[in-house]
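Asks: Take this structure, written in structure tokens, and hold onto it; I'll ask about it next.
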Amino acid sequence: MKMRLLMALLTNAKLLNSGFKIRHGIHIAFTKTSLVSSRNVCTRTERKWVKPVGYDTGIKTYNSLTKQKEPLVLAQERIATWYSCGPTVYDHAHLGHACTYVRFDILQRILSRLFGINVIHVMVITDIDDKIIQRSLEENISPTILARMHEEEFKRDMQALRVLPPAVYMRVTENISHIIAFIERIIGNGHAYVTSQGNVYFDTCSIGSRYGKLGNLGGIVGELVVQDKSDPRDFALWKASKSHEPHWESPWGNGRPGWHIECSTIASSVFGSQLDIHSGGIDLAFPHHENEIAQSEAYHQCEQWGNYFLHSGHLRLKGSVEKMSKSLKNYISIKDFLVSYNANEFRLFCLLTKYRSAIEYSDASMNEARSTLSTISAFSHNAQAYMQGHLLCQPVEEGILWKRLSATQASVQTALADDFDTPKAVDAIMSLIHHGNCQLQPATKADGPRSPAVFGAMLSYVREIMDVFGVDLLDRKDVHDSSGVLNNVVEELVLFRSEVRRFALLVEDQAPLDPQTGTEIKKRHPRPDRVPLLKACDALRKNLAPLGVHIKDRGTNSMWEITRMGGETRKI
């Protein structure tokens with residue numbers, strides 16, 4: 001009897017090591033045996049970062065995977081796939097968030113405007129989460145409505161700071177089916193397990209020493225209170241539902257996604273098994289980005305999913321060693337900040353430090369940014385006055401200025417190709433402005449030839465490069481309609497109409513049959529008592545069209561578009 005049991009266990013271990021798939025519904029005792037057996041793979045040797053094959057941009061960037069600068073090589077010529085973790089929309093965004101998003105916006109602008117690279121940026125909006133649920137209970141509001149409100153506020157804040165929107169925002173709640181399928185495949189590949197409580201965890205030991213690619217294992221996963229895990233490092237892919245919580249059906253029971261799985265799923269759904277660049281604040285490196293890597297490589301069965309991980313430094317209040325965060329109550333909301341300062345000043349504040357560095361916020365640091373911007377603006381005003389003949393100066397050493405302009409352009413290009421060194425680039429620009437100002441000293445009488453062309457070239461370059469950084473020296477006022485609230489109202493309206501329409505389209509249980517052939521005599525139709533609902537749905541669609549809201553029905557789903565407000569098309 002003992003020999004038979006031993007042989008059975010050995011057989012199970014062999015099946016596991018050859019890729020045996022753990023499926024939901026397998027007896028719990030066998031699952032536990034399987035997990036013990038899978039510990040054999042923990043002795044794998046660690047995989048090193050492999051330089052991608054593809055298009056060398058000529059840029060070097062600091063890669064958190066290697067802890068050093070690496071040549072930025074893209075899979076496709078002049079195309080960069082870029083994924084970033086967006087906000088968890090349960091509260092107002094603060095200046096710490098703004099710092100991260102503005103810094104990476106500057107990097108993306110540099111890539112596209114200066115190096116001719118088409119950046120395809122995707123950002124996830126976490127609209128279901130413990131914090132969202134807790135806040136919705138506190139405020140007695142639907143989690144969906146709470147998330148939509150703060151999502152629109154976040155987008156308005158980013159717009160006010162001139163952060164370019166991604167190619168697409170992706171909401172977690174709109175990708176649940178993809179997330180479930182993603183988890184199923186991870187389980188099937190032998191890298192996750194289902195517990196008796198209906199939770200699904202990633203088995204970190206199944207990937208051995210490859211867990212820890214970012215090399216920051218000093219943090220805490222944050223799920224240690226859970227008792228049904230096999231290893232403290234294991235993390236939730238699917239959380240079993242609790243009472244009064246939003247939930248979705250899954251093969252493991254009702255529940256909702258874990259935090260990390262949403263990013264792996266959504267990034268993979270757009271970019272597949274290879275991602276050029278992944279960005280986020282340094283606080284997300286572990287466990288969030290570490291777990292994203294583990295999940296994605298387990299799903300795709302690849303050795304290197306993301307080629308470059310870029311992390312921005314923390315924003316801290318002066319005198320504090322802690323990052324700005326809501327939990328520490330040491331934050332400044334973006335809305336409050338913009339009462340005292342503007343987007344140009346905040347961008348200069350970000351440009352004056354390297355994106356990877358921690359940055360200290362204070363009135364003094366903001367005044368430095370404001371002073372720098374004032375110097376640039378003063379040069380712009382004086383150069384224009386000189387070109388117009390309103391400012392009289394002694395003869396200008398034109399040849400020297402042309403040489404300095406050329407040298408500045410080369411210096412800026414070199415600095416930005418070296419891990420996006422914006423402080424060095426700004427220093428080069430300010431040096432050019434200094435030498436320009438030295439030549440623009442007012443004189444009561446001008447003797448000799450004038451040299452307006454060189455100042456026109458200098459001014460055009462300064463405006464152009466600052467525009468690359470998102471600093472608008474012309475102070476153009478973008479005209480935006482306040483359509484965020486309208487979008488949310490229309491979305492809820494169309495969602496309600498879609499639910500009514502689906503209900504109305506349910507056909508009769510059975511159509512009459514031909515007694516001779518046994519086939520349906522006529523096509524099944526909706527129940528007669530539901531026809532008025534369909535007519536009401538059609539009437540609503542017709543009445544909204546003249547108002548600029550166009551609804552297009554596709555089967556049981558609907559698309560909507562606000563054509564007069566410049567809105568976007570969304571699937572409901």
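The values are calculated or read from the model by the stated rules, or taken from the named source; none is laboratory data. Quick caveat, the model's predicted, so the values are computed rather than measured. Heads up, the Cβs are rebuilt from the backbone with ideal geometry, glycines too, and the neighbour counts pull from every protein chain shown. We work out accessible area using only protein heavy atoms, side chains counted, and drop any ligands, DNA or RNA first. Shrake-Rupley method; radii C 1.70, N 1.55, O 1.52, S 1.80 Å.
Asks: Residue check: is R530 at pLDDT 90 or above, open to solvent by less than 60 Å² (accessible area, probe 1.4 Å) and more than 29 Å from the chain's Cα centre (by Cα)?
Replies: no
Asks: May I ask you to verify whether I429 is assigned to a helix (DSSP H, G or I), closer than 20 Å to I110 by Cβ and modelled with pLDDT of 95 or more? Step through it out loud before you land on a result.
Replies: Working: assigned to a helix (DSSP H, G or I): yes; closer than 20 Å to I110 by Cβ: yes; modelled with pLDDT of 95 or more: yes.
Yes.
Asks: Please find, among Y386, Y361, the residue that is among the hydroxyl-bearing types (S, T, Y), within 30 Å of N63 (Cα to Cα) and in contact with a Leu (Cβ under 8 Å, 6 or more places away or on another chain). Before the answer, list the steps.
Replies: Working: Y386 fails: within 30 Å of N63 (Cα to Cα).
It is Y361.
Asks: Moving on. Here are some conditions: (1) out of contact with any helix residue (DSSP H, G or I) (no Cβ under 8 Å at 6 or more places or on another chain); (2) over 28 Å from A167 (Cα atoms). H244 meets all but one. Which one does it not meet?
Replies: Failing condition for H244: (1).
Asks: For the range 415-452, name all the residues that are more than 40 Å from the chain's Cα centre (by Cα) and free of Cβ contacts under 8 Å to residues at least 24 places away in the same chain.
Replies: Listed by number, the list holds a single entry, C438.
Asks: Let me ask something else about it. Would you be able to tell me the number of residues in the range 52-61 that are surrounded by 13 or more Cβ atoms within 10 Å (Cβ to Cβ) and either among the small types (G, A, S) or assigned to a loop (DSSP other than H, G, I, E, B) (or both)?
Replies: Matching residues across the range 52-61 total 2.
Asks: Further question on the same structure: Restricting the first residue to the range 40-58 and requiring it to be under 20 Å from S112 (Cβ atoms) and among the hydroxyl-bearing types (S, T, Y), which pairs with a second residue that is part of a loop (DSSP other than H, G, I, E, B) and modelled with pLDDT of 50 or more meet a Cβ separation below 8 Å and a spacing of at least six or different chains?
Replies: Once the first residue is under 20 Å from S112 (Cβ atoms) and among the hydroxyl-bearing types (S, T, Y) and sits in the range 40-58, its partners that are part of a loop (DSSP other than H, G, I, E, B) and modelled with pLDDT of 50 or more give Y55/A75; Y55/E77; Y55/R78; T57/F115; T57/I117.
Asks: Hey, I334 hits all of (1) touching an Asp or Glu at 6+ places or on another chain (Cβ under 6 Å); (2) surrounded by fewer than 19 Cβ atoms within 10 Å (Cβ to Cβ); (3) β-branched (V, I, T) but one; which does it fall short on?
Replies: It is condition (2) that I334 fails.
Asks: Here is a further query. Report the residue count in the range 393-408 for those that are over 13 Å from S451 (Cβ atoms), surrounded by fewer than 16 Cβ atoms within 10 Å (Cβ to Cβ) and in contact (Cβ under 8 Å) with a residue 24 or more places away in the chain.
Replies: Qualifying residue count for the region: 0.
Asks: With the requirement that a residue be more than 10 Å from W252 (Cβ to Cβ) and buried (at least 18 other Cβ atoms within 10 Å of the Cβ), what does the range 189-204 give you?
Replies: G190, H191, A192, Y193, Y201, F202, D203, T204
Asks: Does the range 539-560 contain any residue that is more than 23 Å from T144 (Cα to Cα), open to solvent by less than 70 Å² (accessible area, probe 1.4 Å), modelled with pLDDT under 75 and part of a strand (DSSP E or B)?
Replies: No, the range 539-560 contains no residue that is more than 23 Å from T144 (Cα to Cα), open to solvent by less than 70 Å² (accessible area, probe 1.4 Å), modelled with pLDDT under 75 and part of a strand (DSSP E or B).
Asks: Limited to the range 433-449, what total is found for residues that are touching a Phe, Trp or Tyr at 6+ places or on another chain (Cβ under 8 Å) and not polar (S, T, N, Q)?
Replies: Residues that pass the stated criteria total 3.
Asks: So, one more: Do the conditions hold for H314, that is, is it open to solvent by 10 Å² or more (accessible area, probe 1.4 Å), of a type outside the set (S, T, N, Q) and either modelled with pLDDT under 95 or closer than 28 Å to S362 by Cα (or both)?
Replies: Here the answer is yes, as H314 does meet what is asked.
Asks: Then there is this: Residues being assigned to a helix (DSSP H, G or I) and either within 27 Å of D56 (Cβ to Cβ) or charged (D, E, K, R) (or both): count how many of those fall in the range 290-304.
Replies: Of the residues in the range 290-304, 6 are assigned to a helix (DSSP H, G or I) and either within 27 Å of D56 (Cβ to Cβ) or charged (D, E, K, R) (or both).
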